1. Just checking the output field for A:184-195: average partner chain Cβ neighbours within 10 Å of each residue's Cβ?
2. Specify the angular offset, from 0 to 90 degrees and rounded to the nearest 10, of the alpha carbon long axis of helix A:3-33 from the longest principal axis of the alpha carbons in chain A.
3. What average number of partner chain Cβ atoms lie no more than 10 Å from the Cβ of the residues making up B:66-75?
4. Give me the extension gain from A:R214 to A:I118: residue separation times 0.36 nm, minus the current Cα-Cα distance, reported in nm with one decimal.
5. Could you pull out every one of the aspartates and glutamates with an alpha carbon less than 18 Å from that of A:K82, ignoring same-chain neighbours closer than 8 positions?
6. Could you give the size of the charge dipole of the protein assembly as shown about its Cα centre, using +1 on the Cβ of each K and R and -1 on the Cβ of each D and E, expressed in debye and rounded to the nearest 20?
7. For a quick check, take a GNM of chain A with Cα springs below 10 Å and name the residue from A:G41, A:G251, A:G181 with the largest mean-square fluctuation.
8. So what's the back-of-envelope 222 nm ellipticity for the protein assembly as shown, counting only DSSP H runs of four-plus at -39500 (n - 2.57) apiece and dividing by all residues, rounded to 500?
Amino acid sequence: MSELFLQQIINGLSIGSVYALMAVGYSLVYSIMNFSNFAHGGVIMIGAYIGYFSLTFLKVPFFIAFVLSAFGSGILAVVMEKIVYRPLRKRNAPFLYFIISAMGASIFLENVVIASPIGPTFRSYPTVFSSEPIMLGSVALGRIDLLMFVISAISLMVLVYIIEKTKIGLSIRATSYSIKGSTLMGVNVDKVIFIIFVLGGLLAGLAGMLFGMRYTVYPQIGNITTKSFIAAVFGGLGSLPGAVIGSVLLGLIETMVSGYLSSQYRDLIAFALLILVLVVKPTGLMGKTTEDKA
Amino acid sequence: MLKINNLSVFYGGIHALKGVSLNVEQGQIVSIIGSNGAGKSTLINSISGIVKYKEGEIFYKGEKLSKQAHKIVKSGICQVPEGRIIFANLTVMENLRMGSFLRSDTNGIDKDLNRIFDLFPILKEREKQVAGTLSGGEQQMLAMGRGLMSNPDLILLDEPSLGLAPLLINTIFDIIIEINNMGKTILLVEQNAFKALSIADYAYVLEQGIITMEGNANELIKNEKIKEAYLGKKNVDFISV
Ligand SMILES: Nc1ncnc2c1ncn2[C@@H]1O[C@H](COP(=O)(O)OP(=O)(O)O)[C@@H](O)[C@H]1O
Ligand SMILES: [Mg+2]
């Protein structure tokens, strides 16, 4: 195997794992509420800024900045659910209303940042790690790339544990199949929705900070979630394993295209694949079928 | 045990229940018979807190019943819904675990689990199977077992015989009697009037949102009007299909 190939695999895994952190947030919300929460990008953006200001302004240790990003985004996600979606849910609004409100919320957050003293400028995170890669033979492992992969992988494993092994996770899976069914079992669906927004928000905060560190922070950074949305569709909206597999695949495809063709084709091919998946298999690799949703 | 006074439910402009009153005594099997669209599920869902009612009152064990679904389950009422709504994406065991979602008495849960496996041995065999792959009859048993896992005092059964073969319908009704013998009070809603009346203590007839008749089940089953409307030739054919 060529070095370039190995190198691109490593890059693809690291970017793909961060896509996965974001994509599971989409999937969790979709699995229960049946709409794509496009406001997720705004939550990620705020997480990236919280991390940035924690390091530059509060000057807290690196680890604390991660915690603050995660919690800040988690709280924001829950507040948005309460303000934007809950009123819609209470009057059984059509799904289109949810999607439009989500887009509105995302644009609102972006513009709040632009209008605030923070402004539209691009900001670079302070250097936390040396930019010198760790060499594995002749393959270079970027320190931030490694961090992205490790943090994402650990967070996703914790998430999978919660979903698969805990009572809360069981109630999330049951509710994703039937809200009526789980309500009849005594599940408080408001509480389940609160929990999925907390989980999605925490991971969004981590993803925002990782992205900010890797690239820069700017008000439109949330647009990167378009990619994780593509990944979630790849894997099958509403399926957590699907979201993770779709994300890693997308990361790998992107880095391969960048490495062997040109990075100019990267997004073109990503979106072309999205359309292809939607045409050929709209439920994605592991998505729930429509009759699953009674 | 359960007392409903003058319950009215609207779906937008549709007046689905028009002042329904009924009474269920502890330990009884009470049946509500009525054809498709009569408002049977609406009534059951109002008790369960899934459908909101503006007029009327529901009392349970002498107190006003909460309108929040999870509090209603907590107070000892469970519904086995029409169409079963088992969690097809979960295993049989996980479905049963969902039934005991609000409980934390591990010993009691294990005891009930064993009782349910005694009642439905097939569920024990299929413990690890994904529930969506069960047959219709097995799914009905799972739905009933799942309901029992909340250790309810009152069970609301919404058309348990729907879509099942006649032989299985007999099995399900035998099990309903057995559950009643375990000390559970049962409110049963059915289109299969003959079966529902034959196991009930007391029964109501619901037509277009109104209770049109009530009485001891063994008397209603002999009533000419009921024979004509619900146990007539047409319906006998339907039942034996
Ligand atoms: N969610 C709903 N929205 C509007 N109308 C409904 C809804 N559910 C039931 N209905 C109407 O209310 C009436 C009673 O329905 P239902 O309680 O399901 O009857 P049954 O269970 O006896 O077949 C029917 O006319 C039905 O069309
Ligand atoms: Mg019905």
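1. 6
2. Roughly 20 degrees, rounded to the nearest 10.
3. The mean count of partner-chain Cβ atoms within 10 Å per residue comes to 3.
4. Residue separation times 0.36 nm, minus the Cα-Cα distance, leaves 32.6 nm.
5. A:D190
6. 900
7. Taking springs between Cα atoms under 10 Å, the residue moving most is A:G181.
8. Calculated mean residue ellipticity at 222 nm is -17500 deg cm²/dmol.
The values are calculated or read from the model by the stated rules, or taken from the named source; none is laboratory data. In this text, all values refer to a predicted model and were calculated from it rather than measured experimentally. Cβ atoms come from the backbone with ideal geometry, glycine included; neighbour counts cover every protein chain shown. SASA here: full protein model, heavy atoms, side chains in, ligands and nucleic acids out. Shrake-Rupley method; radii C 1.70, N 1.55, O 1.52, S 1.80 Å.
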